[in-house]
Amino acid sequence: MTGSEKHTSSNGEGTLVLVLVLSSLGLMASIYLNHLHYKVHTDSSYSSICAVSEEVNCETVALSQYSMFLGLPVSYWGIAAHVLYILVSGLCLLDIRRHRAGPPRGWGILGAMAVGGVIASGVLFTISHFVIESLCPFCMAVYVLQAALVTTVGVHLTRRGENPVTALIRDLSGLLVKPALVIFAVPAIVLVCGYVVYPRIYGMDACPAETDEDLCSEHLTYGKPDARIRIVEYSDYQCPYCSMTHFALRKAVESWPDDVSLMHVQFPLDDSCNVLVTRPFHEHACEAARAAVCADRQDRFWDMNDWLFTHQRRIGNQPWGDIAGENGLDVQKFEACMADPASLDVVREDIEKASLTTFVKQGSVGTPIIFINDKGHMGGLEFEELEKYLVNTFDLPPAP
């Protein structure tokens, strides 16, 4: 049998169709997991179909610190990987159907991706089972699909008698000098878009430049107590939309210091102190609220308040004593306050105030809740939207 005949008889067209099916299923599962990750981080009332028990719960896994990799949800990396699977296998299938000379491009890359996917799946399963102690059914489905992919591609390469490393080198050397390089560009664009869009839709890093004197300065006033426009924010220090909204409100006070004042009310969405929250959500939000209360005991509430909103990802990952020292507090007094049940009582009093708002009475337990005089708003609020409302409603001049 000649090389050409062997290529024709063992081109693996049927195998590639199977790879496309498996990749498409993995893509759909990854898209759902990415949606779930977004919902559990932004909606305390959300309940997924795979929250079966403490041991089998997608939400628990999504809320853990291990659900992120290099600044993006692990599920988003899964989306990019499965897009690449589909593009590479599609290119390989196209080569076969066009009877392109030589072996079809892509088998080596598919093999490398499949091996990498199985290794990543093993690591994630180990973390989920032994560290988080909760398994995600949809994640498990993705792991099974990865095992099926590596088996499918491995069997095909074995039947062809081809060394996977040789196939990979051939693929890369061919792809890097030909228009087919676009197959790498597409998932790369997906990831770049993720880095651009992810912080915005989650409301993360609302104040990324810690030296931004206009927006984040600890010296900003909160307006006059008798200001005609009184804004009250019911907020959670681990809520990403709360961070974005808080600094928008801060900027409003800075823009109209004689007309606008701001009051903060603690409303942590953490079941350890908030009876309105029925499941684990923002697991360190109650501690963060107490930290702000204890900073207030040393007349440094707004300093701590801004720090918590600016450094949300460090909450729960850094000792509170270190945070207190970083904010210029007396650490010994601060830690004594954190251990004092009275600081928790203050937080619970604020939660009681939040429970009396129209939104919570109607069953919407979420943050932020904003009241501008008697006008209520629930959800994230960017400065441009806030400015438009204040200018049109209270006849204020545009922000300088």
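The values are calculated or read from the model by the stated rules, or taken from the named source; none is laboratory data. Computed from a predicted model, the values in this text were never measured in an experiment. Here the Cβ positions follow ideal geometry from the backbone for every residue, glycine too, while neighbour counts run over all protein chains shown. Just the protein is used for accessible areas: all its heavy atoms, side chains included, with ligands, DNA and RNA removed. Shrake-Rupley method; radii C 1.70, N 1.55, O 1.52, S 1.80 Å.
Looking only at residues in region 59-81 that are open to solvent by 50 Å² or more (accessible area, probe 1.4 Å) and part of a helix (DSSP H, G or I), the one that is farthest from residue 316 (Cα to Cα) is 77. Residue 94: surrounded by fewer than 19 Cβ atoms within 10 Å (Cβ to Cβ) and at positive phi, yes or no? Judged against the criteria, residue 94 is not a match.
For residue 278, the conditions (1) buried (at least 24 other Cβ atoms within 10 Å of the Cβ); (2) under 15 Å from residue 366 (Cβ atoms) are fulfilled apart from (1). Tell me, please, whether a residue that is over 23 Å from residue 161 (Cβ atoms), touching a Phe, Trp or Tyr at 6+ places or on another chain (Cβ under 8 Å) and hydroxyl-bearing (Ser, Thr, Tyr) can be found in region 107-127. Yes, some residue in region 107-127 is over 23 Å from residue 161 (Cβ atoms), touching a Phe, Trp or Tyr at 6+ places or on another chain (Cβ under 8 Å) and hydroxyl-bearing (Ser, Thr, Tyr).
Every residue, every condition in (1) assigned to a helix (DSSP H, G or I); (2) within 25 Å of residue 287 (Cα to Cα); (3) open to solvent by 20 Å² or more (accessible area, probe 1.4 Å); (4) hydroxyl-bearing (Ser, Thr, Tyr), yes or no:
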| residue | (1), (2), (3), (4) |
| --- | --- |
| 321 | yes, yes, no, no |
| 329 | no, yes, no, no |
| 343 | yes, yes, no, yes |
| 347 | yes, yes, no, no |
| 352 | yes, yes, yes, no |
| 365 | no, yes, yes, no |
| 380 | no, yes, yes, no |
| 400 | no, no, yes, no |
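Residues of region 35-47 that are buried (at least 19 other Cβ atoms within 10 Å of the Cβ), at pLDDT below 80 and touching a helix residue (DSSP H, G or I) at 6+ places or on another chain (Cβ under 8 Å): 40, 41. Only one of the listed residues (126, 158) is open to solvent by 40 Å² or more (accessible area, probe 1.4 Å), in a helix (DSSP H, G or I), at pLDDT 80 or above and closer than 26 Å to residue 31 by Cα. That residue is 126.
Within region 215-223, not a single residue is touching a helix residue (DSSP H, G or I) at 6+ places or on another chain (Cβ under 6 Å), at pLDDT 80 or above and over 21 Å from residue 37 (Cβ atoms).
Name the single residue, out of those in region 263-275 being touching a strand residue (DSSP E or B) at 6+ places or on another chain (Cβ under 8 Å) and hydrophobic (A, V, I, L, M, F, W, C), that is surrounded by the fewest Cβ atoms within 10 Å (Cβ to Cβ). I'd like the intermediate steps shown before the answer.
Filtering region 263-275 for residues touching a strand residue (DSSP E or B) at 6+ places or on another chain (Cβ under 8 Å) gives 263-267.
Still in the running and hydrophobic (A, V, I, L, M, F, W, C): 263, 265, 267.
Working: 263: 14, 265: 17, 267: 31.
This residue is 263.
If you go through region 131-149 and pick out every residue that is more than 21 Å from residue 48 (Cα to Cα) and modelled with pLDDT under 90, you end up with 1.
Only residues that are under 22 Å from residue 358 (Cα atoms) and either touching a His at 6+ places or on another chain (Cβ under 8 Å) or hydrophobic (A, V, I, L, M, F, W, C) (or both) were counted across region 225-236, and they come to 6.
Among residues that are among the aromatic types (Phe, Trp, Tyr), in a helix (DSSP H, G or I), over 18 Å from residue 113 (Cα atoms) and open to solvent by less than 60 Å² (accessible area, probe 1.4 Å), residue 32 is included. Taken residue by residue, region 107-115 has at least one member that is open to solvent by 40 Å² or more (accessible area, probe 1.4 Å) and modelled with pLDDT of 85 or more.
For region 221-262, taking the residues that are within 14 Å of residue 302 (Cβ to Cβ) and assigned to a loop (DSSP other than H, G, I, E, B), the one that is most open to solvent (accessible area, probe 1.4 Å) is identified as 221.
Condition test on residue 68, is it hydrophobic (A, V, I, L, M, F, W, C), within 15 Å of residue 33 (Cα to Cα) and at pLDDT 90 or above? Here the answer is no, as residue 68 does not meet what is asked.
Check whether at least one residue in region 10-33 is modelled with pLDDT under 80 and among the acidic types (Asp, Glu), and report yes or no. It would help to see each step written out before you state the result.
Kept after step one, since they are modelled with pLDDT under 80, are these residues of region 10-33: 10-12.
Then keep just the ones that are among the acidic types (Asp, Glu); that gives none.
No, there is no match, as no residue in region 10-33 is modelled with pLDDT under 80 and among the acidic types (Asp, Glu).
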